[in-house]
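What follows is one structure encoded as structure tokens, with my remarks underneath.
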Amino acid sequence: MMNLVDLSVGAFVQELASEQPAPGGGSVAALCGALAAALCAMVGRLTVGRKNQEQVWSAMASVRDGAEELKTDLLHLVDADTKAYNLVTAAYRLPKGNEEEISKRNAAIQSALQVAAQVPLKTLKALSGMPELARQAIELGNPNCLTDAGVALQLVRAAAFGAAYNVRINAGSLKDRREAEILLAETETTLQQIKKETERLEGVVDKKVG
């Protein structure tokens, strides 16, 4: 089976629009994060080597390299999220004709739900590194790329909230409430951090754009 990230843009969008429930919002959240990282990497490349910006070449090279690494991680999570959803679907389809089957099915469902909550949390944690990259792209990057960095910022915010939604919905169905609370607490802490940083930077972009 071909990975989602190997599809053309048009084919991915068509797959997303189909009657199949996956890929869905979790994969899109990871993709938004990957696109944000790609934009930051682009800003880095369009700044390094540019005349009159020699003083920021080193910083923007680090932005470029860090964004490339996050892009790779987030692209992996595009497919990981869909695979996690498919695990849940497969678990719910297991037979439940007797007590033994019911017990195995329930265990499989809980195990799959845990994975389905952990994957978007990984997306959210990966995204936690994006506001700093976006900040440097906005404040130090090639001025001609300001709106590109601004779009990256908005994608980070959308991706973070989307990933958090998916953690919450799956953690909410976990019977192990202690595990669920750990997942939810980490989600809330990370989301609020990203929200605070992106909101501040949004003001910076608005002021620069005019």
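Tabulated data
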| item | result |
| --- | --- |
| Only one of Leu201, Leu146, Leu174 that is outside any helix (DSSP H, G or I), modelled with pLDDT of 95 or more, surrounded by 15 or more Cβ atoms within 10 Å (Cβ to Cβ) and not charged (D, E, K, R) | Leu174 |
| Odd one out for Gly24, checked against (1) surrounded by fewer than 18 Cβ atoms within 10 Å (Cβ to Cβ); (2) under 30 Å from Gly141 (Cβ atoms); (3) not charged (D, E, K, R) | (2) |
| The one condition in (1) among the acidic types (Asp, Glu); (2) assigned to a helix (DSSP H, G or I); (3) without any contact (Cβ under 8 Å) to a residue 60 or more places away in the chain; (4) farther than 19 Å from Gly150 by Cα that Glu19 fails to fulfil | (2) |
| Residue within the stretch 131-142 that is of a type in the set (A, V, I, L, M) and over 30 Å from Gly203 (Cβ atoms) present | no |
| Among residues of the stretch 168-210, those that are aliphatic (A, V, I, L, M) and under 28 Å from Gln136 (Cβ atoms), counted | 6 |
| Failed criterion for Arg177 (all others in (1) more than 21 Å from Asn86 (Cβ to Cβ); (2) within 17 Å of the chain's Cα centre (by Cα) hold) | (2) |
| Failed criterion for Arg105 (all others in (1) closer than 24 Å to Leu191 by Cβ; (2) surrounded by 15 or more Cβ atoms within 10 Å (Cβ to Cβ) hold) | (1) |
| Residue match in the stretch 49-69 (condition: over 17 Å from Ala137 (Cα atoms), in a helix (DSSP H, G or I) and at pLDDT 95 or above) | no |
| Residue within the stretch 73-82 that is closer than 17 Å to Leu155 by Cα, surrounded by 12 or more Cβ atoms within 10 Å (Cβ to Cβ) and either in contact with an Asp or Glu (Cβ under 7 Å, 6 or more places away or on another chain) or among the charged types (D, E, K, R) (or both) present | yes |
| Check on Ala67, surrounded by fewer than 16 Cβ atoms within 10 Å (Cβ to Cβ), closer than 30 Å to Val43 by Cα and in contact with a helix residue (DSSP H, G or I) (Cβ under 8 Å, 6 or more places away or on another chain) | no |
| Failed criterion for Ala134 (all others in (1) under 24 Å from Ala36 (Cα atoms); (2) of a type outside the set (D, E, K, R); (3) under 20 Å from the mean Cα position of the chain (by Cα); (4) surrounded by fewer than 20 Cβ atoms within 10 Å (Cβ to Cβ) hold) | (4) |
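The values are calculated or read from the model by the stated rules, or taken from the named source; none is laboratory data. These numbers were taken from a predicted model, which means no experiment stands behind them. Methodologically, a virtual Cβ is constructed for each residue, glycine included, from the backbone with ideal geometry; neighbour enumeration extends over all protein chains shown.
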